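The values are calculated or read from the model by the stated rules, or taken from the named source; none is laboratory data. This structure is a prediction, so every number in the text was calculated from the model and none was measured. Cβ sites come from the backbone with ideal geometry, for glycine too, and all protein chains shown count toward neighbours.
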Amino acid sequence: MEVSNFYIIGFCVFVAFWVSTALIPILLLVAKRKKLFDDGNGFHKLHDGLIPTLGGVAIFTAFIITFSASSFADNIQGYGYFISASIILFAAGLKDDLIEISPTKKLAAQFLATALIVFGAGIQFTNMGGVFGLESISSWVGIPLTFFTIIVVINAHNLIDGIDGLSGSIGVLASLFFGYWFYKVGIYHWAAFSFILTASILGFLWYNRPPAKIFMGDTGSLIIGFYLAILAVNFVEYSTLVTDVVYWQPSAPIIVPAVLVVSLYDTLRIFIVRALKGKSPFEADKGHVHHHLLSVGLSHGQIVIFLLSLNVIILGSVIVASNFLSNTWLLVFLLSISMALFPTNRWKRNLLERFSTGKWEFNELDEIETSEPVPMPEEVYSNHEKEESEELKIVQKV
């Protein structure tokens, strides 16, 4: 039976990848003819030129067609509710990519989709795994916690979609991890769900690698975040229902934020920083971790590799530490190692810049701290040109 599932899942993965890859050229042609582009305007935009934002259409279509056509979909309780929730988020994301919708309407769509999953498909937390001393929890606690988790994961994944390849790569890493565990414990329908999602994203990433020919847009980031959130909730739930096959299985409630640490930690940090500055948590700026890494001169591809490596290091550290720490202390360890390793303050950015460039000379300017945002490379260049122009005027007057 296991061998049969292995080949069926493998075939589904091939189909999903092929469909996703085949759809992108068609979407590029449609975008060109209908002039459906992201023009790069806006303070937080990090690209130039006209680039389509329809990549999420390929990811969604490849996943839904492949998984729905497989026998694994029959094992998903309330699969009709899942399809309905997916369509709601897909429609909201596509509309935002084409004509933009307000954050309130986008959030309303997320709540509606989550409600269908929680009340229709019955996906919700019932166990905290010993975090803060809590084990089994009532639906009065589990349902709000599930809503909070799904909404946070959706928006966190949406917020890191700022540079070529980052959101998709994080999605691939997370779905592969969940798929590995589900397959190992014999929960093949969720394993197939995970691996088909991986293949659908990979087909898109072939065209999204720097320099990107297409973006996933909100259509893709919302859908991927939603599916990862569903996998995360099921991962925690099933970890308490099946026999332990790995020593870190009882730590599933903390393994989840470790798997998604890049998006979750960055979102938590940016919300706190904005709140302390009296700004709206939803106000766009250039304070995300990938903006900090761009400011030290790393390319999009280098940033993706760096953050994926950081994600793996933190996840691996948490898995090893789970053998010695309770889940409550493991959560403290996760927060501590994330604060230590993410390059989101001045001295860590300076250290990273010197390491990447090989220049280790220190000077007195390195000790100067400022509350102003770190200028982006293009901003630095513009300021330099302005200074040269002013100097030229002074020379001409003399």
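Exactly one condition in (1) among the aliphatic types (A, V, I, L, M); (2) at pLDDT below 95; (3) surrounded by fewer than 15 Cβ atoms within 10 Å (Cβ to Cβ) is false for A108; which is it?
Status for A108: all satisfied but (2).
Would you pick out the residues in region 280-302 that are at pLDDT 75 or above and over 16 Å from H157 (Cα atoms)? Walk me through it before giving the result.
First, the residues of region 280-302 that are at pLDDT 75 or above: 288-290, 292-302.
Within region 280-302, H292, L293, L294, S295, V296, G297, L298, S299, H300, G301, Q302 meet the criteria.
Name every residue in region 248-266 that is part of a helix (DSSP H, G or I) and within 12 Å of the chain's Cα centre (by Cα), in order of residue number. Before you say what the answer is, go through the steps one by one.
So the first thing to find is which residues in region 248-266 are part of a helix (DSSP H, G or I), and the list is 249-259, 261-266.
Residues satisfying the conditions are P257, V259, V261, V262, S263, L264, Y265, D266.
Hey, can you tell me all the residues within region 302-321 that are β-branched (V, I, T) and either farther than 10 Å from S251 by Cα or buried (at least 19 other Cβ atoms within 10 Å of the Cβ) (or both)?
First, the residues of region 302-321 that are β-branched (V, I, T): 303-305, 312-314, 318-320.
I303, V304, I305, V312, I313, I314, V318, V320, listed by residue number.
List the residue pairs whose Cβ atoms are under 9 Å apart, where the first residue sits in region 186-203 and is over 13 Å from I170 (Cα atoms) and in contact (Cβ under 8 Å) with a residue 24 or more places away in the chain, the second is of a type in the set (G, A, S) and part of a loop (DSSP other than H, G, I, E, B), and the two are 6 or more positions apart or on different chains.
Listed pairs, sorted by first residue: H189/S70; A192/S70; I196/S70.
Looking at F324, F342, can you tell me which residue is of a type outside the set (V, I, T) and surrounded by 19 or more Cβ atoms within 10 Å (Cβ to Cβ)?
Details: F324 fails: surrounded by 19 or more Cβ atoms within 10 Å (Cβ to Cβ).
That would be F342, the only listed residue that is of a type outside the set (V, I, T) and surrounded by 19 or more Cβ atoms within 10 Å (Cβ to Cβ).
If you go through region 154-162 one residue at a time, do you hit one that is at pLDDT 95 or above and crowded, with 20+ Cβ neighbours inside 10 Å? It would help to see each step written out before you state the result.
So in region 154-162, the residues at pLDDT 95 or above come out as 154.
Remaining after also requiring crowded, with 20+ Cβ neighbours inside 10 Å: 154.
Yes, there is a match, as at least one residue in region 154-162 is at pLDDT 95 or above and crowded, with 20+ Cβ neighbours inside 10 Å.
Restrict the check to region 213-223 and report whether at least one residue is modelled with pLDDT of 95 or more, in contact with a helix residue (DSSP H, G or I) (Cβ under 6 Å, 6 or more places away or on another chain) and of a type in the set (A, V, I, L, M, F, W, C).
There is at least one residue in region 213-223 that is modelled with pLDDT of 95 or more, in contact with a helix residue (DSSP H, G or I) (Cβ under 6 Å, 6 or more places away or on another chain) and of a type in the set (A, V, I, L, M, F, W, C).
Listed here are the residues, each with its yes/no results for (1) assigned to a helix (DSSP H, G or I); (2) at negative phi; (3) within 17 Å of the chain's Cα centre (by Cα).
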site: Y180; (1), (2), (3): yes, yes, no
site: F193; (1), (2), (3): yes, yes, no
site: Y207; (1), (2), (3): yes, yes, no
site: K213; (1), (2), (3): no, yes, no
site: S221; (1), (2), (3): yes, yes, yes
site: L228; (1), (2), (3): yes, yes, yes
site: T243; (1), (2), (3): no, yes, no
site: V246; (1), (2), (3): no, yes, no
site: L268; (1), (2), (3): yes, yes, yes
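Need pairs with beta-carbon distance below 8 Å; first residue under 16 Å from G316 (Cβ atoms) and within region 326-346, second assigned to a loop (DSSP other than H, G, I, E, B) and among the aliphatic types (A, V, I, L, M); sequence gap 6+ or separate chains.
Hits for this filter: F333/L325.
Taking region 121-151 on its own, how many of its residues are part of a loop (DSSP other than H, G, I, E, B) and farther than 23 Å from A109 by Cβ? Explain how you work it out, then say what you get.
Kept after step one, since they are part of a loop (DSSP other than H, G, I, E, B), are these residues of region 121-151: 121-126, 128-130, 134-135, 137-138.
Cutting the leftovers down to farther than 23 Å from A109 by Cβ gives us 126, 128-130, 134-135, 137-138.
Looking only at that region, the number is 8.
Return only the number of the condition from (1) touching a residue at least 60 places away in the same chain (Cβ under 8 Å); (2) within 28 Å of S251 (Cα to Cα); (3) of a type outside the set (G, A, S); (4) in contact with a Gly (Cβ under 7 Å, 6 or more places away or on another chain) that Q77 does not satisfy.
(1)
Yes or no, residue by residue, for (1) buried (at least 22 other Cβ atoms within 10 Å of the Cβ); (2) farther than 16 Å from L228 by Cβ; (3) of a type in the set (S, T, Y):
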| residue | (1), (2), (3) |
| --- | --- |
| F82 | yes, no, no |
| F90 | yes, no, no |
| G133 | no, yes, no |
| S139 | no, yes, yes |
| G171 | yes, no, no |
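Of A115, A85, which residue is closer than 30 Å to K34 by Cα and at pLDDT 95 or above? Don't jump to the end; show me each part of the working.
On the way: A115 fails: closer than 30 Å to K34 by Cα.
Selected residue: A85, the only one of A115, A85 that is closer than 30 Å to K34 by Cα and at pLDDT 95 or above.
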